[in-house]
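Notes follow once the structure below has been shown.
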Amino acid sequence: MTREEKQQLLQDLCARLPYGVKIELTWWVMGEGTYINTTLEPDHIEQLLNDEDGDTEIKPYLRPISSMTKEEKEELRNTYSFLYSDYPFDNEYEDEDEDEDEDGIEGHYEPSPETYDWYNRKMFDYRGLILKGLALEAPDEMYK
């Protein structure tokens, strides 16, 4: 794992810590092995932070954005007021009349901290960690 990947994973893990994210933990200190479906704890983050030999590997179980239910899409849209053209799932709510700025670029929406908290609480992979191999796709029943 590169330093940048480790930093991105640590950032994600720290943000999800209060929400009970499940992880796969591989820890090779003193003959330990792999623990699956373990709930992330502060000690796990400390182990990863201080791991200079690469003996600790943590992969969170996250939900791909594509697994979002219709109810969750509505909750996100109604609660956090996404601009329709920047709705992160599909073009169902796209506003055809949205103006472009003078550079021809559609308006940009920066989600609020509350929006990121919602993604973290629901365990959605908004950073693309699954595709990068830094996270595992959660089984459907894991976070229900």
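So for region 14-60, what percent of the C-alpha to C-alpha distances run longer than 15 Å?
That fraction is 38 percent.
Along Cα→Cβ, 7 Å out, is where each label goes; now give me the distance between the ones at Tyr19 and Met1 in nm to one decimal.
The answer from the label model is 1.9 nm.
Please list the non-local residues whose amide H lies under 5 Å from the amide H of Thr38, H modeled 1.01 Å from N, same-chain partners needing a gap of 5 or more.
Answer set, sorted by chain and number: Ile23, Leu25.
Every number here is computed from the coordinates shown, using simple stated rules; none is lab data. Quantities reported herein were computed from a predicted structural model and do not represent experimental measurements. Note that each Cβ is placed from the backbone with ideal geometry, even for glycine, and that neighbours are counted across all protein chains shown.
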